[in-house]
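To start, the structure itself, in structure tokens.
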């Protein structure tokens with residue numbers, strides 16, 4: 001009986017950890033246009049923001065793409081408006097947010 005109890009406790013621990021780590025995060029991809037030659041500076045600034053999970057320089061219509069995540073959609077919106085869009089040398093942004101359930 002003691003062995004069964006230990007297995008049950010281990011299973012509850014695993015399930016609890018899975019529930020904690022499986023929080024649904026709001027995700028946005030921000031496409032950024034910046035002043036010529038300032039891409040590296042902006043990328044470095046973005047890397048210092050907690051909610052920025054990935055950031056890449058790009059070729060094409062946009063200079064940089066950043067993946068932003070936060071547990072709250074409203075907080076995600078605030079980060080984009082008040083932190084990212086205020087970075088010096090950013091000219092414009094286009095934000096893409098996924099549709100819940102379509103992943």
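What follows draws every value from the coordinates through simple rules; no lab data is involved. All values reported here derive from a predicted model rather than from experimental measurement. Don't worry about glycine lacking a Cβ; one is built from the backbone with ideal geometry, like all the others, and counts go over all protein chains shown.
The residues in region 29-49 that are closer than 20 Å to residue 98 by Cα and loosely packed, with under 11 Cβ neighbours inside 10 Å can be counted, and the count is 0.
Report, by residue number, each residue of region 90-103 that is within 17 Å of residue 34 (Cα to Cα) and either touching a helix residue (DSSP H, G or I) at 6+ places or on another chain (Cβ under 8 Å) or free of Cβ contacts under 8 Å to residues at least 24 places away in the same chain (or both). Spell out how you get there, then give the answer.
We begin by selecting, within region 90-103, every residue within 17 Å of residue 34 (Cα to Cα); these are 90-95.
Within region 90-103, 90, 93, 95 qualify.
Within region 59-89, the residues that satisfy the criterion of being over 19 Å from residue 26 (Cα atoms) and touching a helix residue (DSSP H, G or I) at 6+ places or on another chain (Cβ under 9 Å) are 63, 64, 87, 88, 89.
Across region 68-89, the qualifying residues are those that are within 11 Å of the chain's Cα centre (by Cα) and closer than 22 Å to residue 35 by Cβ, and the one among them that is surrounded by the most Cβ atoms within 10 Å (Cβ to Cβ) is 68.
For residue 54, state whether it is under 11 Å from the mean Cα position of the chain (by Cα) and without any contact (Cβ under 8 Å) to a residue 24 or more places away in the chain. Outline the logic, then answer.
Details: under 11 Å from the mean Cα position of the chain (by Cα): yes; without any contact (Cβ under 8 Å) to a residue 24 or more places away in the chain: yes.
So residue 54 passes the test.
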